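Okay, so here's the structure we're looking at.
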Amino acid sequence: MNVQAIIDDYVNKVAAKLPRAQRNDIGLELRTLLADQLRSAAEEAGRAPDADLAAKVLRDFGQPSEVAARYAPRGFQLIEPEQTPMIITVATICVAVQWLISLPLVFSGRMTPGQWWLQWCLTAFACFGVLVVWFGLANWMQRRFPIVNGKRPWQHWIFWVPFPRDWRPGEPEATERRAAVNAAPIGAVLTVFFVAPAWLVGHLLSKGASVYWLAYADNFRHWLLPPLILVMVLRLVFFWAVLLDERRRAATEVVRFGLWGCFLALLYWAVFGWRIFAYPLTDLLFRTWLLFFLLINTIQFVVWIRRTATRVRIPKTEATAPLNSNC
Amino acid sequence: MYYVPHCDVRNMVANMVKANDDAAAKLDTELRRGALVLAVLAQLRSTQYGYSLRQALAQRGMPIEEGTLYPLLRRLEEQGLLASEWQIKDGPPRRYYTLNSKGVRMLEDLTTNWHGLVATMNGLLQQEGI
């Protein structure tokens, strides 16, 4: 086989993968360089250039696609490396939720496995693509309209993604204490209200009036309301304990986690397993609001667990005393 | 008590040596990569084409893979540091590269930085007794 034909074929394959404007120029240069390279290799080997040697030189030079990639202008990353774990987590949750919603339909016989496979199982993965496109557009928008003088342009909000925040020195315990100060009175009012909303509102509006639309369903009031109120009261007590305690303690964290988890579990049970209010419209509206409340709370709960789990734990030794301690 | 065959031990040692050599080769490549642009700019004070440049660098102890060097020349030209033109001297037409005025200034700046870096590194390495 003609040596030049082998080189030309290789160069054409590289050129085909290059931007149109550079194709001919780089191709011509590469053609000459590879011929020089082959001539030099032949001199070293002490023989005339032949097809075998040409193939070896070109193989050593690299696959045509790799060579073209080296010449191609540096692209940009569709997704920033720090965003990848978030995309994988969110997409995995989306897939899991869709499967969890749809699989019971298969087990209860309302959908065949084949239907589930086509309608739910495979289509659930579309969320990966949606997220990649969304983040890609968001990143492009942020490159196109960069932050000037620390001010974020409005275009960044078109494809919103969690913006990286500037770190500022702060004391998380103080922040939590402030949050507890705000939450405690609201919690107290809600706890009192939910003990007997119909009675309370009736007394507030006109003394002794019957507010039938705020009356609990009997079963709920007898069985689920008492433990729910108990957990709410305990959480309230705990809030005050956090306020009075100067230090964050492992025990406090465990109690907080436990009470919060119990509270959420009871509320989920109430939403999905019980009729809460006797009056249908109130029940529907309250249940809708409760679902929204639960969604936000569950996200906060998961974030809190994650933050606690990833916190650096300092071993208790003398060498690790706080920097400003006088010990 | 475990019996480890002699040949397994030999393989393990060979693998460890190979892993160590691979790591050393990677670090050496990274170290050279930082100096690559400066080496190329320094050689392009006189006009060169791709292959002759590669040979000149190799002769002076700085071998560079051709697959790395040729695209690098293109990038430096795009950055406005090199001028290039097709010439026929002895053989087929070739693209010759040389520093332009911006490239000369860049070479001077990078050379100053390089000397500073070498002095700093020498200080660090001598301090550690290496």
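All of the numbers you see were taken from the coordinates with simple rules; none came from a lab. Everything numeric here is computed off the predicted structure, so don't read it as measured data. As a convention, Cβ positions derive from the backbone with ideal geometry for all residues, glycine included, and neighbour counts pool all protein chains shown.
Distance from the Cα centre of the range A:93-140 to that of the range B:59-78, in angstrom? Computed from Cα coordinates, the inter-centre distance equals 49 Å.
If contacts are Cα pairs under 8 angstrom and at least 6 residues apart, what is the relative contact order of chain A in percent? Numbers along the way, then the final one.
Numbers: 211 pairs, mean separation 33.9, N = 327.
In percent, rounded to a whole number, it is 10.
Identify, among A:45, A:181, A:302, the residue whose Cα sits farthest towards the positive end of the charge dipole of chain A, taking +1 on the Cβ of Lys and Arg and -1 on the Cβ of Asp and Glu, with the dipole about the Cα centre. It is A:181.
With the Cα gyration tensor of the range A:192-283 giving a ≥ b ≥ c as the square roots of its eigenvalues, does the rule (a/c under 1.5 for rounded; else a/b larger than b/c for prolate; else oblate) give rounded, prolate or oblate?
On the way: a/c = 3.86, a/b = 1.78, b/c = 2.16.
The shape class here is oblate.
Sorted fewest first by neighbouring Cβ atoms within 10 angstrom, A:229, A:26, B:64, A:158 come out as A:158, A:229, B:64, A:26. Taking the fewest neighbouring Cβ atoms within 10 Å as the starting point, the ordered list for A:238, A:163 is A:163, A:238. I need the shape label for chain B. Rule: rounded when a/c is under 1.5, else prolate if a/b > b/c, else oblate, with a, b, c from the alpha carbon gyration tensor. Because a/c hits 1.5 or more and a/b fails to exceed b/c, chain B counts as oblate. Can you give the angle from 0 to 90° between the axis of helix B:6-43 and the longest principal axis of chain B, with both taken from C-alpha atoms, to the nearest 10? Its long axis makes an angle of about 20 degrees. Exposure here means at most 14 other Cβ atoms within 10 Å; with chymotrypsin sites (Phe, Trp or Tyr not before Pro) in a DSSP loop as sites, the longest stretch of chain B lacking them is B:4-130. Seen through its C-alpha gyration tensor, with square-root eigenvalues sorted a ≥ b ≥ c, the range A:102-252 comes out oblate because a/c lies at 1.5 or above while a/b is not bigger than b/c.
Quote the relative contact order of the range B:6-127 in percent (integer), defining contacts as alpha-carbon pairs under 8 Å separated by 6+ residues.
Averaging sequence separation for qualifying contacts and normalising by length gives 22 percent for the range B:6-127.
For chain B, the longest principal axis of the alpha carbon atoms and the long axis of helix B:50-59 meet at an angle near 50°.
Averaging sequence separations of C-alpha pairs under 8 Å and six or more residues apart, then dividing by the length of the range A:219-297, give the relative contact order as a whole percent. Spell out each step's value before the answer.
On the way: 33 pairs, mean separation 28.9, N = 79.
Normalised by residue count, the contact order of the range A:219-297 is 37 percent.
Centre-to-centre separation between the Cα atoms of the range A:183-241 and those of the range A:19-75: 80 Å. Helix check for chain A. Which DSSP H runs span at least 30 Å along their own axis by Cα, with a mean Kyte-Doolittle hydropathy no less than 1.0? Sorted by number, the helices that extend far enough and score high enough are A:84-107, A:250-273, A:280-309.
In this structure the amide hydrogen of residue A:277, modeled in the peptide plane, comes within under 5 Å of the amide hydrogens of A:217, A:283, none closer than 5 places in sequence on its chain. Against chain B, whose longest principal axis is taken from its Cα atoms, helix B:66-78 shows a tilt of about 40°.
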